[in-house]
Each structure stands twice: as C-alpha cells, then as structure tokens.
Amino acid sequence: MEKAYMIGTGIANLAAGIYLIRDGGWTGDQITMYGLEKHGANDGAAVTDYEQEYGNQRLSNNQGFLAKGGRMLNEETYENLWDILRSVPSLDNPGQSVTDDILNFDHAHPTHDVARLMDKKNGIRNNGGADDYYHMQFNNKDRFLLSKLMTMPESKEAKLNDISIEEWFADSPHIFTTNFWYMWETTFAFKKESSAMELRRYMNRMILEFSRINTLEGVTRTPYNQFESIILPMRKYLEDQGVIFINNRKITAFNFKDTPLRDDIIVTGLEYEDVESGETGKIMVDENDLVFDINGAITDSSSMGDLNTPVKENMEYAPSAALWKQATEHFYNLGNPDKFFNDRAQSEWMSFTVTTSNHYLVNEISRITQQEPGNALNTWVDSNNLLSIVVHHQPHFHAQKENETVFWGYFMFPRKNGDYVDKPVIEMTGKEMLQELLGHLAEVDRAADNISEHEQEIMDSVINVIPVYMPYASALFNQRAIGDRPDVVPKNSKNLAFVSQFAEMPFDMVFTEQYSIRAAQKAVYHFMGIPESQMTPVHHYEKDPKVLLKATKTMFR
Ligand SMILES: Cc1cc2nc3c(=O)[nH]c(=O)nc-3n(C[C@H](O)[C@H](O)[C@H](O)COP(=O)(O)OP(=O)(O)OC[C@H]3O[C@@H](n4cnc5c(N)ncnc54)[C@H](O)[C@@H]3O)c2cc1C
C-alpha cells in the first residue's frame, strides 16, 4: 500500500490529505502527518497551550489567549478554500460544512470599516477633507507606475526580478505618503522593501478589492480564531478518516536516491528529531510513496513574552526552511531559501494579543472608532512603528468567559521606538505595548472624557498582553526572482512536492490560505494523474471590464 508522508501540519498539508482522500480515493491510514507544533500560521489558543510548543519558554504570566495573526479571507478569490472546507463538517453546527459556518457568519456580520485610517490631526480620517481616506491621493506619476505594474503581462514577470516596491516607484516616492499605500501596506503587510513582483500579482488578483479597500467590505471573517474555525475541523475530519498525526517531530533531512544523472528527485528516507525527547531517527520512504513538504512557515522561530516580559529574539533559522535548504544542496532547481529566510529586516514584524476581564477597553475602542467589534482594521498613519489593531467579534475563542474580551494588534516596524514608550517595540513588554496603544487612542479621542483619564481602570482589567515577534512574518513578500521558489512538483520529481507559500504557482498570490490549499491540490492532482484542467477554477477579475472600470475610477478618487 502506498503511503504519503506530510511534513508540517499547516493548512497546506491538511488540505493535501483531504484532496488525497476526497479526489484521489485514498484511505486515511495511508497518510501520516508530522508536525513540529500544532498551531502553524493559522493559530489561536490559550497561552498555556503555546507554552508547551516547540521553541516557546514558560511565561511568568500564562493567562489569557493568543492568536499571532488577525485573519481576513475573501469570498471572491479564495476558491480552493471554500471548495475544500465544503467537504469538512462543522464542529459547531452539526449537519453543515465549515464553508457554511464561515459564510453564514460573515453574511450575518458583514465588514464595513468606518475608521480605517486615523491620525493626530484628523482623528479618524473621514471628515470629507483632502485627507479623507476615501481618497486614494494618487498623483499622475503614481497612477502611471501603478497601472504599468498592474498591466505587465505574466510572461514579463522576470522584469521584476529582485525589484522592491520602493525601486519600482523610485520616480514617484509620493505614493508612499498616500492613503492608498497606508491601507494597502497594512491590510496585506507589504513593506516598501517587499517584492514588486508580488505587488503586481496582488493588483491583479485583488483588483476587486481595490475600489473598496477603504471599507474592507470584501473581507470575510471566521466566527472564531483560525485554529478553532478552520484547522480543528480539518484535523478532526482527517483523524476520523484514520490519518495518523505525530506531534513534536522535526524533519531534519531528506535522503535521496542516488541516480546516474543525479537529477531525478526520489525521496527514500526522512531523518527526524523528536523535539520533546531529543531522540533522532529515520523514516524509510518507498519510491512509490509520496512526500509533501511545507517548505517555509512564517511563524517559525517566533518568540513570545507576556504582560511584564519582553520577547527574547529566537535566532533559530526557520526549521521549515532549513529542510528546504538541505534539499537545495542536492538539486539545483529547488530555489533559494535564504532569499526569504535570511533577511529579517525585510520580513519581521510583531503582534500582540490583549485579554481583559471585562468589556470596558473594547467598548472604549468602539466608542472612539465608531464601530462594533468584528468590523475593523484601524491603522495609526503617523505612528512611528506603524500600529494597527483588529477587534474581533467577541468571543474570539470558545473558552473565553462571557466577561472576557480578546483583541489583536500589530506593529510593522519592531526596531523603531514607540511614540509613547521610548524604546524599540521589540524591547517592550506587553504592558508597554498596551500603553503605546492607549497613547494613540487618546490622541484620536475627541471626547471631553478622554480615554487617557481611565488608564488605571483599563490596566486593572488586563489579564494579559502577549507580545509575539515573528522574524519571518512577511518573508513570503521578500524580494525574489524567477527560480527562487521551487515548483510545487519540481521537474524530475518522482515523489516529492512542495506545498506552501514558498512554492511557485502562476497567477495566485501568497500570504493567503488560498495559495497553500491550491498548491496542495496541484501536487495531489499531479501524483494522482488528475488533469490540471480539473483543478478548482479561479476568477480572473482583472479581465472583467466592469471591475476594471471601477478600478480606473478609484485611481482618480
Ligand atoms: C500574522 C499572520 C497573519 C496572516 N493573515 C492572513 C490573512 O489575513 N489572510 C490569509 O489568507 N492568510 C493570512 N496569513 C497567512 C496564512 O495563515 C498562512 O500563510 C498559511 O496558513 C500558511 O499555511 P501553511 O500550511 O503553508 O504553513 P503553516 O501554517 O506555516 O504550517 C506549517 C507548519 O509546518 C511545520 N513544519 C514545516 N517544516 C517542518 C519540518 N521540517 N518539520 C516539522 N514541522 C515542520 C511548521 O513548523 C508549521 O507548524 C497570516 C499569517 C500570519 C502569520
């Protein structure tokens, strides 16, 4: 009986397992999943759960909840996600699928942001004036360069090899002062240093969102955090089918068959370390077996602190990329992991998760930003370290008590000092991050009874604030050239596929769950002999004249 060995239990491999069973006719017991830790990039759990996971230390305050990321999905362009989750039963609503769960919730709680950008001068930038974030604020040069990027055909993508967004707009740095840039940068976590090649893909794939980027109306949210709303039901489905999950297993090396021309890629073994016991060993892989590797994980090597403790930077090279790198030492067509995992300045950022024992702070945020939880992404345009917050629909965790609230924020530039706490963000405790946020809330609060008068009351309600440093958070946007990412099934590969954000596929955009799931479909269909023409169709809004007309109008808004 053929077997499949899955390296990493992120959404990519969970999806690959489902495709093998659903579309390939495999049985669950043919599949084994090896995970270094359970939460991956689609996370969310009690802090005590994270303490047990690889790379994390015990905290002095381990109360409350943590989600490293705040999540946005998209109904129109996450075609593979909706398709795969339609086959996964809901854990919350028996009889319906996870896709039903999410879309029903989202349709009942549609996003309509009314405080997307804020600053000291305007408060919320929505007063109808020149700064109002309804305006994109482009000048003609910005428009020209953005259009030129967007309309560049895919066949010419190589022209953007190793070009940063900053370089592309070298003749018009004005664009980095526009509402468009602040919204785009913080909605998707692009930096000026990020890849112009990827921005080109986003401008095409996300063209529908361009005209409503100010309200985030295209954002689809899950009822709870990503782990509980998406990953747990996928794991349960696979477990019920007999798939074996082995935790705390770091795969450290591939063994490859030595063939005469040394260009056939055939995995014959996987070396591993049990990260709990330190024991090492080897899994024998038959030539007819399949290996699916998540060759890059953006939450690898992250580190967390707590209310009174700053993070301690974890300098470990991402284990996911270390394995990928070992493969590149054997074959020359498997890409360049260092481009993504050896430049933390390009990729790093920090998030923080706040848990409080009452609703006071979240109500204050609602009052200041004029919207209910679950609606917004708020960015302080003039914050030195580019601060944004997302207040989720409450509760965000099943285990959250009725009186508790949980919300999330992030700083795009962790080496820069705060505006209210005079030290780099990376050195701040959770409490100092919250003080930084309170300072910014106070500066945009126009009420006589300013939030700053209530700092003590707020601090008294805080159960925990967990800062998390993610050295590779935006690594998938690092500058890249054609060939830096391996193909999902590399040329001459007989049994190895890369299913991740760091495998090459045409057209689709990274930093999306959609991308990982599509890579899984591509790999499974290849090995199962299912023609690519039967893959889930994706939309091409960039070819829809109505969408293009709207986008053109937005350019002049
Ligand atoms: C902060 C943040 C915000 C995000 N926001 C969004 C969003 O708004 N919308 C959206 O669509 N997506 C978002 N994403 C991205 C999305 O969640 C991920 O890109 C996607 O889930 C990646 O899934 P994956 O399965 O490829 O990898 P991961 O979820 O990273 O899982 C990979 C797992 O495999 C393990 N692994 C890899 N190699 C090995 C090995 N050799 N041995 C053992 N284990 C290994 C890793 O440690 C990891 O646990 C966000 C991600 C983050 C971190």
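Bear in mind that the values in this text are calculations on the coordinates, not laboratory data. As the structure is a computational prediction, the values presented were derived from the model and not from experiment. Quick reminder, even Gly has a Cβ in these numbers, built from the backbone with ideal geometry, and neighbours come from all protein chains shown.
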- Message: Using the Cα centre of segment 400-540 as origin and beta-carbon charges of +1 (Lys, Arg) and -1 (Asp, Glu), tell me which of 521, 403, 417 is placed farthest towards the positive end of the dipole.
- Response: 521
- Taking a label point 7 Å from the Cα of residue 240 along the Cα→Cβ vector, which residues of segment 70-99 have an amide N closer than 12 Å to it? 87-98
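Are there chymotrypsin sites (Phe, Trp or Tyr not before Pro) in segment 512-557 that DSSP marks as loop and that have at most 11 other Cβ atoms within 10 Å, and which are they?
556
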- Task: Could you tell me which GluC sites (Glu not before Pro) in segment 321-394 are loop residues by DSSP with no more than 15 other beta carbons within 10 angstrom of their beta carbon?
- Result: 329
- Item | Of 325/491; 191/416; 68/312; 236/522; 141/553, those spanning more than 19 Å from alpha-carbon to alpha-carbon | 236/522
- Note on the structure: Any residue on another chain or 5+ positions along whose placed amide H is under 5 Å from the amide H of residue 4 is listed here as 31, 32, 290
- Query: Assigning unit charges at the beta carbon (Lys, Arg +1; Asp, Glu -1) and nothing else, what dipole magnitude in debye, to the nearest 20, does the chain show about its Cα centre?
  - Reply: 1500
- Note on the structure: Once Lys and Arg are counted +1 and Asp and Glu -1 for all other residues with Cβ under 14 Å from that of residue 418, the total becomes -3
- Quick one: net charge around residue 231, please, counting Lys, Arg +1 and Asp, Glu -1 for every other residue with C-beta under 11 Å from its C-beta. 0
- Item | Distance between segment 128-156 and segment 468-546 - C-alpha centres, whole angstrom | 27
- From phi via Karplus (6.51, -1.76, 1.60), per-residue ³J(HN,Hα) for segment 37-44 in Hz, x at Gly/Pro: 8, 7, 8, x, 7, 9, 10, x
- Task: Please report how far the C-alpha centroid of segment 308-349 lies from that of segment 377-438, rounded to the nearest whole angstrom.
- Result: 26
- Note on the structure: The rounded separation in angstrom of the Cα centers of segment 216-260 and segment 37-110 is 12
- Query: Which of the chymotrypsin sites (Phe, Trp or Tyr not before Pro) found in segment 306-369 are in a DSSP loop and have at most 14 neighbouring Cβ atoms, other than their own, within 10 Å?
  - Reply: 332
